[in-house]
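Asker: Mind looking over this structure? Questions follow.
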Amino acid sequence: MSRGMQREAVLAAVLPPLVALAVALVVGDLLILAFGQAPATVFGMLLQGTWGNAYGFGQVLYKATTLTCTGLAFAMAGRAGLFNVGAESQLALGGLAAALVGLALPAGTPPLAAVPVCVAAAMGAGAAAGGVAGWLRARFGASEVIVTIMLNFITLAALNWLVATRLHVPESLHTPEIRAGAVARLSDTWPAFHGSAANFMLIGALALAVAAWWFLFRTRGGYELRAVGLQPDAAEFGGIRAGRVWILAMLLSGACAGLGGTNYVLGYKHYYEDGFAAGAGFLGIAVALVGRNHPFGIVISALLFATLSQGGLAVNALVPKQIVDILQAVVIISVAVAVPEVRQLLRNAVPARARSATPA
Amino acid sequence: MRALVLSYRPMRTVLAAIGALLAVHGALLFVHPDGATPDATTEGLDVGIVFDVGGRGDKSFNDGAWLGGERAAKALGARVRYIEPGEGSDREAGLRLLAAEEFDLVIGVGFIFTDDVNTLAREYPGVRFADVDYAVATDSTGAPLPLPPNLTALKFREEQGAFLVGALAALTGGSKKVGFIGGMDIPLIHKFEAGYKAGVRHVCADCTVIAQYAGVTPEAFRNPGKGKELSLSQYQQGVRVIFHAAGSTGLGVFEAARASNALAIGVDADQYDEAPGYVLTSMVKGIDQAVFDAIKSVKDGTFQGGVRQFGLAEKGVGYVYDANNRSLIPDSVRTRLLALEADIIAGRIVVPSTR
């Protein structure tokens with residue numbers, strides 16, 4: 001690939017989110033004005049409450065950690081041409097698995113042993129839930145969209161029942177605190193983060209992003225996965241077994257979502273609470289869309305959505321929190337519209353000169 | 001190479017679009033509409049209210065707190081900021097946001113804030129906190145643990161209000177059997193049951209109260225089906241009036257009352273509209289009054305940590321008697337209730353708060 005084409009690919013990936021952001025800013029201005037407030041004041045408050053102080057920034061990091069995991073989950077399936085809508089329940093399942101293992105381990109288990117075991121349980125549980133959908137797709141051709149949506153209902157209802165009847169502390173909907181496997185908060189090391197839920201699972205999420213990038217773009221397995229995603233029939237013709245790739249992609253996808261559950265369970269509350277996922281699984285779809293299904297794009301996009309989510313609280317005094325929900329939706333719609341538009345523009349422009357440009 | 005790619009006309013189109021949007025955004029940043037909230041100042045009374053999951057518009061708990069806040073804004077000149085945190089992990093974040101800005105008073109609406117408010121009050125000794133329905137922790141002997149000096153628990157004497165509606169149920173039902181349906185089987189709801197039973201027995205010694213609970217988890221407050229099932233069976237046993245303290249489970253109680261052509265008593269807010277004609281009254285909690293009083297105490301400099309109880313005397317609890325239900329309550333009964341109310345306020349009747 002010539003450097004020109006490479007740059008073109010980068011532009012095609014980066015420009016749509018930038019357009020979306022600009023559109024969202026203007027729509028945000030208008031909405032704020034509609035509520036009789038000054039845009040400068042509200043946006044100022046939003047920035048001050050998120051990136052403007054260590055606590056707010058810690059909250060952004062905390063929320064971005066979960067969203068990175070669920071965004072990667074969607075991208076991992078998306079790169080294989082699959083649409084995993086099940087991250088919400090895979091996330092919850094991962095959280096419960098981590099809590100159960102943390103409860104079962106004897107108190108005083110050294111963190112170096114306990115945390116990896118809990119994390120493995122979370123990823124394993126998520127992978128199992130994702131794998132079911134992958135297998136049904138590969139074996140019976142069942143649409144993974146339908147299957148993962150329906151598995152959300154089944155899994156979340158089963159978890160609710162399990163916690164409400166078997167595992168909960170009386171007068172609550174959460175399990176007892178885990179005995180081992182707790183992850184330190186950032187504030188333990190940097191006191192400035194005091195009070196925020198940010199914890200060292202952050203590093204786990206970043207490592208997951210790097211691993212996902214390396215797998216997708218630097219290994220044979222990742223190449224096969226992307227090949228199946230682009231054109232399954234051609235990939236089959238080239239000797240790749242699409243069914244196996246689908247199962248693998250859904251296993252990996254579920255594992256990514258499962259890891260997200262540890263952020264809350266191991267890092268923040270140290271117990272599993274019914275309903276803790278609170279939409280982070282579904283928001284992962286938007287994160288992946290804006291991050292253009294690229295692991296590093298997803299990290300940045302997760303930071304953006306986390307900023308909006310935390311910022312919504314900060315500006316709640318002046319404007320309804322729903323304004324932030326609207327902005328998130330505007331970003332998503334703008335990206336969805338801008339992606340084909342930008343691609344079309346580039347395609348029209350490029351043939352004559354860039355494609356024939358000498359490789360540098 | 002870079003210049004070459006960017007020189008393509010279509011690429012310029014995209015960049016121009018982004019530029020234009022940013023220019024519009026930049027211009028709009030200079031717009032300051034009349035009446036826009038000015039930046040926060042350090043003077044005056046700053047109050048923050050963080051709502052429970054239901055948020056504004058629940059026609060009950062949260063709206064009550066909002067009313068109290070609005071009254072304080074008008075009457076006391078307080079600047080009140082509201083936060084609706086929604087799901088779990090943002091609850092603590094909402095309180096913290098206000099505490100970090102050194103608000104004069106931060107109010108959590110609901111017992112669900114108990115742990116968070118307790119932690120934050122110790123962390124921010126300079127900020128005053130209040131929590132509606134705060135669950136006071138007890139030590140192993142059952143004695144209440146002391147609260148931090150900057151935290152006040154706004155509690156209600158639900159048993160006093162329940163006593164009055166219990167008496168009303170027994171006096172108007174025309175049956176020796178009276179019904180009670182609780183949501184979750186916890187001490188807070190036992191308070192309602194205890195007061196209700198005492199009220200029934202006070203005016204009708206040989207009456208029996210059938211008391212049932214919808215469950216042992218928070219789900220028991222959200223199960224109208226179960227509420228209907230329990231109440232239908234109570235009505236079939238000859239009960240004519242059922243009092244519910246069961247959140248939205250109570251909606252099932254109203255439905256059963258309509259189906260059985262019997263009466264039900266609402267809770268927390270006036271629930272007449274849920275089943276007009278079948279709602280005898282509602283036992284109301286004056287959340288607005290409690291919130292207003294808490295804000296006023298800060299303004300007057302009389303704020304104190306500890307538990308504050310709102311009973312009949314403080315107009316913290318009561319029952320609805322208005323144009324809607326006047327026809328269901330004979331004048332003689334109303335007179336009797338007023339006398340009972342005076343007796344409770346004067347201490348001549350002590351209402352039990354435990355079963």
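The values are calculated or read from the model by the stated rules, or taken from the named source; none is laboratory data. Computed from a prediction, not measured in an experiment: that's the story for all the values here. All Cβ positions, glycine included, derive from the backbone under ideal geometry; neighbour counts span all protein chains shown.
Asker: Quick check on my filter: what residues within the range A:208-230 are among the small types (Gly, Ala, Ser) and under 13 Å from A:Cys69 (Cα atoms)?
Answerer: Taking the range A:208-230 and keeping what is among the small types (Gly, Ala, Ser), we get A:209, A:211-212, A:221-222, A:227, A:229.
Those that are among the small types (Gly, Ala, Ser) and under 13 Å from A:Cys69 (Cα atoms): A:Ala209, A:Ala211, A:Ala212.
Asker: For the range A:270-282, name all the residues that are within 9 Å of A:Ala87 (Cβ to Cβ) and either facing chain B (nearest Cβ under 9 Å) or buried (at least 22 other Cβ atoms within 10 Å of the Cβ) (or both).
Answerer: Scanning the range A:270-282 gives A:Ala277, A:Ala280, A:Gly281.
Asker: In the range B:330-355, which residues are assigned to a loop (DSSP other than H, G, I, E, B) and either touching a Gly at 6+ places or on another chain (Cβ under 8 Å) or small (Gly, Ala, Ser) (or both)? Quick ask: steps written out before the conclusion?
Answerer: Residues of the range B:330-355 that are assigned to a loop (DSSP other than H, G, I, E, B), as a first pass: B:330, B:347-355.
Result: B:Gly347, B:Val351, B:Pro352, B:Ser353.
Asker: Also: Given (1) loosely packed, with under 14 Cβ neighbours inside 10 Å; (2) in contact with a Leu (Cβ under 7 Å, 6 or more places away or on another chain); (3) within 11 Å of B:Leu164 (Cβ to Cβ), identify the lone condition not met by B:Tyr319.
Answerer: (1)
Asker: Something else: Within the range A:307-320, is even one residue surrounded by fewer than 20 Cβ atoms within 10 Å (Cβ to Cβ) and at pLDDT 90 or above?
Answerer: no
Asker: Would it be correct to say that B:Gly305 is outside the structural domain of B:Ile189 (by TED's automatic domain parsing) and not β-branched (Val, Ile, Thr)?
Answerer: Details: outside the structural domain of B:Ile189 (by TED's automatic domain parsing): yes; not β-branched (Val, Ile, Thr): yes.
Yes, satisfied.
Asker: Do you know which residues across the range B:213-224 are outside any helix (DSSP H, G or I) and either of a type in the set (Ser, Thr, Tyr) or under 12 Å from B:Gly252 (Cβ atoms) (or both)?
Answerer: Once the filter is applied, which keeps residues that are outside any helix (DSSP H, G or I) and either of a type in the set (Ser, Thr, Tyr) or under 12 Å from B:Gly252 (Cβ atoms) (or both), the range B:213-224 yields B:Tyr213, B:Ala214, B:Thr217, B:Arg222, B:Asn223.
Asker: Being touching a Phe, Trp or Tyr at 6+ places or on another chain (Cβ under 8 Å), assigned to a helix (DSSP H, G or I) and not aromatic (Phe, Trp, Tyr) is the filter here, so list the residues in the range B:184-210 that pass it.
Answerer: B:Leu188, B:Ile189, B:Glu193, B:Gly195, B:Lys197, B:Ala198, B:Gly199, B:His202
Asker: Within the group A:Ala192, A:Ala211, A:Ala234, A:Ala184, which residue is farther than 28 Å from A:Arg137 by Cβ and out of contact with any helix residue (DSSP H, G or I) (no Cβ under 7 Å at 6 or more places or on another chain)? Spell out the reasoning first.
Answerer: Details: A:Ala192 fails: out of contact with any helix residue (DSSP H, G or I) (no Cβ under 7 Å at 6 or more places or on another chain); A:Ala211 fails: farther than 28 Å from A:Arg137 by Cβ; A:Ala234 fails: farther than 28 Å from A:Arg137 by Cβ.
So the residue among A:Ala192, A:Ala211, A:Ala234, A:Ala184 that is farther than 28 Å from A:Arg137 by Cβ and out of contact with any helix residue (DSSP H, G or I) (no Cβ under 7 Å at 6 or more places or on another chain) is A:Ala184.
Asker: Okay, moving on. Any residue at all in the range A:174-185 that is closer than 30 Å to A:Phe276 by Cα and acidic (Asp, Glu)?
Answerer: Yes, the range A:174-185 contains a residue that is closer than 30 Å to A:Phe276 by Cα and acidic (Asp, Glu).
Asker: Are any residues in the range A:165-186 in contact with a strand residue (DSSP E or B) (Cβ under 9 Å, 6 or more places away or on another chain), modelled with pLDDT under 90 and surrounded by fewer than 19 Cβ atoms within 10 Å (Cβ to Cβ), and if so, which ones?
Answerer: Within the range A:165-186, A:Glu171, A:Ser172 meet the criteria.
Asker: Restricting to helices (runs of 4 or more DSSP H) lying wholly in the range A:1-118: which have 3 or more residues that are more than 14 Å from every other protein chain (Cβ to nearest Cβ)?
Answerer: Numbers: elements: A:3-34, A:39-50, A:54-79, A:87-104.
Filter on the range A:1-118 gives A:54-79, A:87-104.
Asker: Among residues belonging to the range B:208-229 that are surrounded by 19 or more Cβ atoms within 10 Å (Cβ to Cβ) and of a type in the set (A, V, I, L, M, F, W, C), point out the one that is farthest from the other protein chains (Cβ to nearest Cβ).
Answerer: Step by step, filter the range B:208-229, then rank; the result is B:Val209.
Asker: Considering (1) of a type in the set (Val, Ile, Thr); (2) more than 26 Å from the chain's Cα centre (by Cα); (3) assigned to a helix (DSSP H, G or I); (4) closer than 29 Å to A:Leu202 by Cβ, say which one A:Val169 fails and leave the rest.
Answerer: All conditions pass for A:Val169, except number (3).
Asker: Within the range B:322-329, can one find any residue that is part of a loop (DSSP other than H, G, I, E, B) and within 21 Å of B:Gly179 (Cα to Cα)?
Answerer: yes
Asker: Report, by residue number, each residue of the range B:63-97 that is surrounded by 22 or more Cβ atoms within 10 Å (Cβ to Cβ), under 24 Å from A:Gly275 (Cβ atoms), within 14 Å of chain A (Cβ to nearest Cβ) and not charged (D, E, K, R).
Answerer: Start the filter on the range B:63-97 by keeping residues that are surrounded by 22 or more Cβ atoms within 10 Å (Cβ to Cβ), which leaves B:64-66, B:68-69, B:72, B:78, B:80, B:82-85, B:90-97.
From what is left, the residues that are under 24 Å from A:Gly275 (Cβ atoms) are B:65, B:82-85, B:90-97.
Those still in the list that are within 14 Å of chain A (Cβ to nearest Cβ) too: B:82-85, B:90-97.
Matches in the range B:63-97: B:Tyr82, B:Ile83, B:Pro85, B:Ala93, B:Gly94, B:Leu95, B:Leu97.
Asker: Still on this structure: Within the range B:83-109, how many residues are within 16 Å of B:Phe129 (Cα to Cα) and more than 15 Å from the chain's Cα centre (by Cα)? Before you say what the answer is, go through the steps one by one.
Answerer: From the range B:83-109, those within 16 Å of B:Phe129 (Cα to Cα) are B:83, B:91-109; that's our starting set.
With more than 15 Å from the chain's Cα centre (by Cα) added as a condition, the list becomes B:83, B:91-106.
Adding up the residues that qualify gives 17.
Asker: Ok, one more. Among (1) in contact with a Lys or Arg (Cβ under 6 Å, 6 or more places away or on another chain); (2) not assigned by TED's automatic domain parsing to the domain that holds B:Ser327, which single condition is B:Gly173 missing?
Answerer: Condition not satisfied by B:Gly173: (2).
Yes or no, residue by residue, for (1) under 18 Å from B:His190 (Cβ atoms); (2) buried (at least 24 other Cβ atoms within 10 Å of the Cβ):
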{"position": "B:Asp115", "(1), (2)": "no, no"}
{"position": "B:Arg128", "(1), (2)": "no, yes"}
{"position": "B:Asp131", "(1), (2)": "no, yes"}
{"position": "B:Pro144", "(1), (2)": "yes, no"}
{"position": "B:Arg157", "(1), (2)": "yes, no"}
{"position": "B:Phe163", "(1), (2)": "yes, yes"}
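Asker: Across the range B:19-37, which residue is farthest from the chain's Cα centre (by Cα) among those that are of a type in the set (Val, Ile, Thr) and at pLDDT below 90?
Answerer: B:Val31
Asker: What residue, among those in the range B:233-265 that are polar (S, T, N, Q) and either buried (at least 24 other Cβ atoms within 10 Å of the Cβ) or in contact with an Asp or Glu (Cβ under 6 Å, 6 or more places away or on another chain) (or both), is modelled with the lowest pLDDT?
Answerer: B:Thr249
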